[in-house]
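To keep things clear, I will list the structure first and then write my remarks on it.
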């Protein structure tokens, strides 16, 4: 028999643990902590409703496989305002000329060049295409560190239980 610990208080559970639901999480708890949650019935009733028949549509394209590039995402460069201004001036265009070419308001171009607003993806793509520039770079999304807690940490170590 495996010795289990209560996932709330950490006490050793003698016998069979009680499965309770607390805030949509199922926890294995001791007899003392069981009143803090709703008992979970292991048998779930099966719906007798007949679901509507969905016509199967043949798929012509295969679903693209996930690869390395799925964990990368495009991020706007910090100096996007300077890149846009330099490219516009290199073509000899005024802010109004650029706005007319990408079918946006001149005030939007002015605010983007002053870094007052970040261009939406649609505007960014039009700027990149019209000015022949790149405003984004690929960033690794997995670069964030995940903190790992001790193996024997229980919910009770983290949360204070309010007594009624």
Pairs needed: first member in the range 148-162, within 15 Å of residue 29 (Cβ to Cβ) and outside the structural domain of residue 25 (by TED's automatic domain parsing); second member anywhere, surrounded by 10 or more Cβ atoms within 10 Å (Cβ to Cβ) and modelled with pLDDT of 65 or more; C-beta distance under 6 Å; at least 6 residues apart or different chains. 154/7; 154/10; 155/7; 155/8; 156/8; 156/9; 156/10
Subset of the range 80-130, residues part of a loop (DSSP other than H, G, I, E, B) and buried (at least 16 other Cβ atoms within 10 Å of the Cβ), comes to 93, 102, 104, 119
Just one of 126, 105 is more than 30 Å from residue 9 (Cα to Cα), outside the structural domain of residue 10 (by TED's automatic domain parsing), touching a helix residue (DSSP H, G or I) at 6+ places or on another chain (Cβ under 8 Å) and modelled with pLDDT of 85 or more; which is it? 105
Just the residues that are loosely packed, with under 13 Cβ neighbours inside 10 Å and at negative phi, please, taken from the range 15-25. 16, 25
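The values are calculated or read from the model by the stated rules, or taken from the named source; none is laboratory data. A quick note: this is a predicted structure, and the numbers were derived from the prediction, not measured. Glycine also receives a Cβ, built like all others from the backbone with ideal geometry; neighbour counts cover every protein chain displayed.
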